[in-house]
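Single-structure report; data block below.
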Amino acid sequence: MTFDKFELTGKTALITGAAGLLGLEHGSALLESGSKVVLTDISESALDSARSALSKNFDPKSIITKVMDVSRGSDIRSVADQLSSAGIRIDILVNNAAIDPKVKGDVGILETSRLENFPLEQWELQITVGLTGAFLCSQVFGTAMAQDSKGGVILNIASDLSVFSPDQRLYRKAGLPEHQQPVKPVTYSVIKAGLVGLTRYLATYWADKGVRANALSPGGVYNGQSAEFVQRLTSLIPLGRMANRDEYRSAIQFLCSDASAYLNGQNIVMDGGRCVW
Ligand SMILES: NC(=O)c1ccc[n+]([C@@H]2O[C@H](COP(=O)([O-])OP(=O)(O)OC[C@H]3O[C@@H](n4cnc5c(N)ncnc54)[C@H](O)[C@@H]3O)[C@@H](O)[C@H]2O)c1
């Protein structure tokens with residue numbers, strides 16, 4: 001049966017940044033497909049809230065939480081050891097964690113994001129979390145997937161900004177001089193394009209061991225942004241709207257299951273058609 005291939009019963013998926021807006025949706029989607037999930041993030045209380053939220057609809061025994069900072073190799077190895085000691089094999093890795101500069105309500109992306117002023121510490125921090133973190137998690141969990149004969153799936157969460165440049169006009173604020181106009185930071189483009197490169201590398205590296213790697217590139221999710229921002233952004237999207245937070249769930253289920261068994265090394269851009277306009 002076609003839909004049997006989406007079945008993830010008997011599998012375990014580890015999600016990084018799982019307590020955030022989309023991480024929770026990824027967890028819910030994978031639980032819905034029958035997988036157990038290991039939710040990882042930096043805050044124990046946020047993970048507790050995520051577990052409580054998901055336990056309303058899914059068996060709490062299928063939900064494990066672990067504090068894990070993806071920028072710390074020691075954290076990742078420690079979680080891998082704990083899971084392995086408990087007899088848990090990670091079959092699916094979703095590299096989702098990021099330090100995300102968001103447009104929220106009337107608060108724009110900061111003017112300190114401008115390239116001319118962008119602090120080296122921010123460059124290093126954001127790249128360490130968004131890109132190095134995905135490398136470190138893939139190194140630890142991907143190596144384990146490749147070591148036995150069972151293979152696995154690595155899914156990197158990139159962004160539509162992995163395939164085009166930010167349109168900085170979206171973030172402009174009336175009345176501010178040019179040098180203070182907020183912008184999407186350079187790190188975002190670099191991280192997301194880097195994740196696509198990492199995806200291609202991983203897709204071939206362990207292909208003979210049954211480990212596939214793909215990227216999912218979501219477009220912007222509606223999350224209470226100002227009407228002005230939403231209007232500007234949606235005018236660039238053929239479907240004429242931002243995504244709802246639950247609209248990537250079916251893609252997660254497809255990309256993490258045998259339904260996509262012959263898909264490898266691709267970047268699936270789900271952006272309402274923005275990148276083709
Ligand atoms: N929301 C969107 O519109 C959108 C659009 C395209 C792509 N994305 C991508 O989707 C992913 C999830 O985005 P989101 O909107 O849920 O963001 P979010 O900020 O709500 O969640 C990100 C999570 O990552 C965690 N995190 C931060 N630093 C970490 C670290 N060092 N180690 C582990 N976890 C860490 C945060 O605590 C947070 O829970 C990101 O990679 C983001 O770039 C989001």
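A few remarks follow.
- Per the Cα gyration tensor, region 1-41 maps to an equivalent ellipsoid with semi-axes of 21, 10, 6 Å, ordered largest to smallest.
- Cβ-placed point charges (K, R +1; D, E -1), dipole of the chain about Cα centre in debye, nearest 20: 260 debye
- Each part reduced to its alpha carbon centroid, region 21-89 and region 214-232 end up 25 Å apart.
- Under 5 Å from the amide H of G34 lie the amide H atoms of L8, each residue being 5 or more positions distant or on a separate chain, with H modelled from the backbone and absent for Pro and chain starts.
- Hz values of 3J(HN,Hα) by residue in region 36-41 - Karplus curve (6.51, -1.76, 1.60), Gly and Pro given as x: 7, 10, 10, 8, 10, 6
- On the chain, 53 percent of the accessible area sits on carbon and sulfur atoms, based on a 1.4 Å probe.
- Length-normalised contact order of the chain in % [C-alpha pairs under 8 Å, at least 6 apart]: 20 percent
- If you run the Gaussian network model on the chain, springs between alpha carbon atoms under 10 Å, then out of L255, L239, L161 the most flexible one is L239.
- Shape of the chain, Cα gyration tensor, a/c cut at 1.5: prolate
- Gaussian network model of the chain, Cα within-10 Å springs - most flexible of T187, T132, T143: T143
- Residues of the chain: accessible area per residue with a 1.4 Å probe, Å²: 48 Å²
- For region 1-142, a crude dipole built from +1 on the beta carbon of Lys and Arg and -1 on the beta carbon of Asp and Glu, taken about the Cα centre, is about 420 debye to the nearest 20.
- Angle between the chain longest axis and helix 21-32 axis [Cα atoms, degrees, rounded to 10]: 30 degrees
- Along region 187-202 the Karplus relation, 6.51 cos²θ - 1.76 cosθ + 1.60 evaluated at θ = phi - 60°, assigns HN-Hα couplings of 4, 4, 4, 5, 4, 5, 5, x, 5, 5, x, 4, 4, 5, 4, 5 Hz to successive residues, with x for each Gly and Pro.
- The mean sequence separation of alpha-carbon pairs under 8 Å and at least six residues apart, normalised by the residue count of region 12-117, gives a relative contact order of 31 percent.
- Nearby aspartates and glutamates by direct alpha-carbon distance to K56 (threshold 14 angstrom, same-chain neighbours under 8 apart not counted): E25, E32, D48
- Highest-MSF residue in the chain out of T128, T112, T16 [GNM, Cα springs under 10 Å]: T112
- Remark: region 203-219, residue by residue, has Karplus-estimated 3J(HN,Hα) of 4, 9, 4, 10, 4, 6, 9, x, 9, 9, 9, 9, 10, 10, 10, x, x Hz, where x stands for each Gly or Pro and the curve is 6.51 cos²θ - 1.76 cosθ + 1.60 at θ = phi - 60°.
- Protein-only accessible surface order, largest first, of H26, H179 at 1.4 Å: H179, H26
- Placing E25, E124 in order of accessible area, with the largest value first and a 1.4 Å probe, yields E124, E25.
- With N counted as the residues of region 129-169, its alpha-carbon radius of gyration over 2.2 N^0.38 Å works out to 1.61.
- Shape parameters for region 152-263, alpha-carbon atoms, Rg then Dmax in Å: 17.1, 57
- Region 14-105 shape via C-alpha gyration tensor axes, a/c threshold 1.5: oblate
- Dipole in debye (nearest 20) - region 123-277, about Cα centre, beta carbon charges: Lys, Arg +1; Asp, Glu -1: 200 debye
- 0 to 90° range, to nearest 10: angle between helix 73-85 axis and the chain longest Cα axis: 30 degrees
- Shape category assigned to region 46-167 from the gyration tensor of Cα positions, a/c cut at 1.5: prolate
- Amide H partners (placed H, <5 Å) of G152, local residues excluded: V211, R212
- Förster radius 30 Å - calculated FRET efficiency between D100 and K56 (Cβ-Cβ, nearest 0.05): 0.70
- Point-to-point label distance, R77-S149, nm (Cα→Cβ direction, 7 Å offset): 3.0 nm
- Amide H contacts under 5 Å for V269, placed H, 5+ residues apart: S217
- Furthest towards positive pole of dipole, S260, S217, V196, structure part the chain, Cβ charges: S260
The values are calculated or read from the model by the stated rules, or taken from the named source; none is laboratory data. Bear in mind that the values here come from a model prediction, so they are computed numbers and not experimental data. Every residue, glycine among them, receives a Cβ derived from its backbone with ideal geometry; neighbour counts consider all protein chains shown. For accessibility, only protein heavy atoms count, side chains too; no ligands or nucleic acids. Shrake-Rupley method; radii C 1.70, N 1.55, O 1.52, S 1.80 Å.
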